[in-house]
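Got a structure for you, questions after.
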Amino acid sequence: MLPKTVKISKIIDENPSVKTFYFSHNLKSKPGQFVMLWLPDIDQKPFSISSDDGENFGLTVFKRGPLTEKLFTLKVGDRAGSTGPFGTCYSILPNRHYIMVAGGYGAAPLSFLSTKICELPGVTIDFIVGARSKDLLLFEDRLKLIPHLKIHATTDDGSAGRKGRVTDVLEELLKNATSKPLVVTCGPELMEKAVLDLCNKYDSDCELSIERQMKCGFGICGQCAVDDLGLCMCIDGPVVNRALANRIFELGKYHRDKAGNKINY
Ligand SMILES: Cc1cc2nc3c(=O)[nH]c(=O)nc-3n(C[C@H](O)[C@H](O)[C@H](O)COP(=O)(O)OP(=O)(O)OC[C@H]3O[C@@H](n4cnc5c(N)ncnc54)[C@H](O)[C@@H]3O)c2cc1C
Ligand code: FES
């Protein structure tokens with residue numbers, strides 16, 4: 001778990017505010033886990049792993065503040081600090097039908113999960129990916145190459161796929177399911193809460209990835225503790241199952257800023 005400096009081996013522009021950075025390092029990670037990425041004199045922040053082939057790992061990053069703005073200026077050959085992998089991962093199970101529900105950069109860790117499970121016997125995947133509009137849909141091209149995976153794209157404005165929300169498609173799939181699927185989700189918290197509510201309604205197994213502000217990444221600082229269980233999402237999460245998610249009081253209601261103040265959704 002010692003910090004390492006890792007070299008950028010490739011950068012892909014996904015859309016104007018999202019890039020995927022590949023780092024040459026054998027991370028030995030599992031889908032759902034994250035790394036703490038450090039840029040000297042700026043900060044360190046958590047990022048979900050979007051791919052890991054044993055030689056390079058990828059992080060798909062949305063540009064939003066000091067660290068990600070600086071990261072967007074880096075070039076192939078530049079280095080960053082990385083610690084991890086940390087946290088819990090999604091279940092990797094044979095003979096299971098997965099329904100994946102992704103919003104925004106949540107498509108990245110779920111596409112990593114898809115590449116891991118698609119070769120297992122008896123696995124099929126319905127992958128629901130949503131965005132506000134066509135140009136913001138992430139990973140559609142990469143997902144098309146994954147065997148046994150069917151994509152259901154949704155956009156708020158109807159510019160690609162079906163007009164509407166990812167949860168509209170999820171409800172149809174859950175209603176018509178012939179076997180018990182495993183629903184896995186990653187994206188904005190209110191979307192994840194809506195997914196959880198549907199899984200409760202249809203009594204479906206479910207795994208969610210919960211994002212909280214993180215400082216250390218391994219259970220020391222308490223920054224990522226959730227009310228009212230006090231569990232740290234960097235070690236007991238970010239991936240939690242339905243039973244645990246239902247016990248997290250603050251889920252879908254509020255999170256905390258860097259100073260610990262409650263921010264209502
Ligand atoms: C487990 C985990 C996995 C993540 N994976 C990814 C990923 O794959 N790709 C990606 O782009 N980002 C991811 N993030 C979020 C990423 O860590 C933040 O975007 C990061 O803080 C950006 O740093 P910054 O300095 O650029 O902006 P900051 O100044 O830190 O943040 C800009 C704004 O975003 C808010 N914010 C930052 N982090 C969070 C958070 N965790 N929860 C709620 N609001 C927050 C801040 O309050 C602020 O308003 C993940 C976070 C967690 C906890
Ligand atoms: S980030 Fe420090 S305890 Fe979770």
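Would you confirm, using the coordinates I've provided, whether Asp203 is away from ligand 1 (no atom under 14 Å from the Cβ), part of a loop (DSSP other than H, G, I, E, B), surrounded by fewer than 19 Cβ atoms within 10 Å (Cβ to Cβ) and of a type in the set (Asp, Glu)?
For Asp203, the condition - away from ligand 1 (no atom under 14 Å from the Cβ), part of a loop (DSSP other than H, G, I, E, B), surrounded by fewer than 19 Cβ atoms within 10 Å (Cβ to Cβ) and of a type in the set (Asp, Glu) - is met.
Ok, one more. Which one of Ala194, Ala160 is over 23 Å from Ser91 (Cα atoms), in contact with a helix residue (DSSP H, G or I) (Cβ under 8 Å, 6 or more places away or on another chain), more than 15 Å from ligand 1 (Cβ to nearest atom) and not β-branched (Val, Ile, Thr)?
Ala160
Within the stretch 41-82, how many residues are in contact with a Cys (Cβ under 8 Å, 6 or more places away or on another chain) and over 24 Å from Pro31 (Cα atoms)?
Residues in the stretch 41-82 being in contact with a Cys (Cβ under 8 Å, 6 or more places away or on another chain) and over 24 Å from Pro31 (Cα atoms): 0 in total.
Criterion first (surrounded by fewer than 15 Cβ atoms within 10 Å (Cβ to Cβ) and touching a Cys at 6+ places or on another chain (Cβ under 6 Å)) does Pro109 satisfy it?
Against the criterion (surrounded by fewer than 15 Cβ atoms within 10 Å (Cβ to Cβ) and touching a Cys at 6+ places or on another chain (Cβ under 6 Å)), Pro109 does not qualify.
Restricting to the stretch 89-142, give me the number of residues that are on the phi > 0 side of the Ramachandran plot, modelled with pLDDT of 95 or more and part of a helix (DSSP H, G or I).
The number of residues fulfilling the criteria is 0.
Now for a different question. Quick one: which of Arg165, Arg96 is among the charged types (D, E, K, R), over 15 Å from the mean Cα position of the chain (by Cα) and closer than 22 Å to Ile210 by Cα?
Result: Arg165 is the single residue among Arg165, Arg96 that is among the charged types (D, E, K, R), over 15 Å from the mean Cα position of the chain (by Cα) and closer than 22 Å to Ile210 by Cα.
Something else now. Output the residues belonging to the stretch 207-235 that are part of a strand (DSSP E or B) and either within 12 Å of ligand 1 (Cβ to nearest atom) or among the hydrophobic types (A, V, I, L, M, F, W, C) (or both).
Hits for the stretch 207-235 are Leu208, Ser209, Ala225, Cys232.
Filter the stretch 122-153 for residues that are crowded, with 21+ Cβ neighbours inside 10 Å and touching an Asp or Glu at 6+ places or on another chain (Cβ under 7 Å) and give the result.
Those that are crowded, with 21+ Cβ neighbours inside 10 Å and touching an Asp or Glu at 6+ places or on another chain (Cβ under 7 Å): Val129, Leu138.
While we're looking at this one, here's another question. So Gly32 ticks every box in (1) at pLDDT below 95; (2) within 16 Å of ligand 2 (Cβ to nearest atom) but one. Which box is left unticked?
With respect to (1) at pLDDT below 95; (2) within 16 Å of ligand 2 (Cβ to nearest atom), Gly32 is out only on (1).
Which condition from (1) of a type in the set (Val, Ile, Thr); (2) away from ligand 2 (no atom under 16 Å from the Cβ); (3) buried (at least 18 other Cβ atoms within 10 Å of the Cβ) is the one that Thr178 breaks?
The failed condition is (3).
A further question on this structure: So, Phe21, is that one within 16 Å of ligand 2 (Cβ to nearest atom), buried (at least 20 other Cβ atoms within 10 Å of the Cβ) and not assigned by TED's automatic domain parsing to the domain that holds Ile117 or not?
No: the conditions fail for Phe21.
Moving to a separate point now. Looking at the stretch 65-88, can you tell me whether even one residue there is within 14 Å of ligand 1 (Cβ to nearest atom), among the charged types (D, E, K, R), surrounded by fewer than 23 Cβ atoms within 10 Å (Cβ to Cβ) and in a strand (DSSP E or B)?
no
To continue, here is another question. Tell me which residues, restricted to the stretch 236-258, are part of a loop (DSSP other than H, G, I, E, B) and within 11 Å of ligand 1 (Cβ to nearest atom).
Scanning the stretch 236-258 gives Gly237, Pro238, Asp257, Lys258.
Strands (runs of 3 or more DSSP E) wholly in the stretch 14-63 with at least 2 residues that are in contact (Cβ under 8 Å) with a residue 40 or more places away in the chain and among the polar types (S, T, N, Q) - which ones?
The strands (runs of 3 or more DSSP E) meeting that bar are 43-52, 56-62.
Checking Gln213 against (1) farther than 16 Å from Gly32 by Cβ; (2) in contact with a helix residue (DSSP H, G or I) (Cβ under 8 Å, 6 or more places away or on another chain): exactly one of these is not met. Which one?
(2)
Please enumerate the residues belonging to the stretch 9-28 that are over 16 Å from Phe47 (Cα atoms) and basic (Lys, Arg).
Of everything in the stretch 9-28, just one residue is over 16 Å from Phe47 (Cα atoms) and basic (Lys, Arg), namely Lys10.
The values are calculated or read from the model by the stated rules, or taken from the named source; none is laboratory data. Since the model is a prediction, treat every value here as computed from it, not as a measurement. Note: ideal-geometry Cβ built from the backbone for every residue, glycine included; neighbour counts use all protein chains shown.
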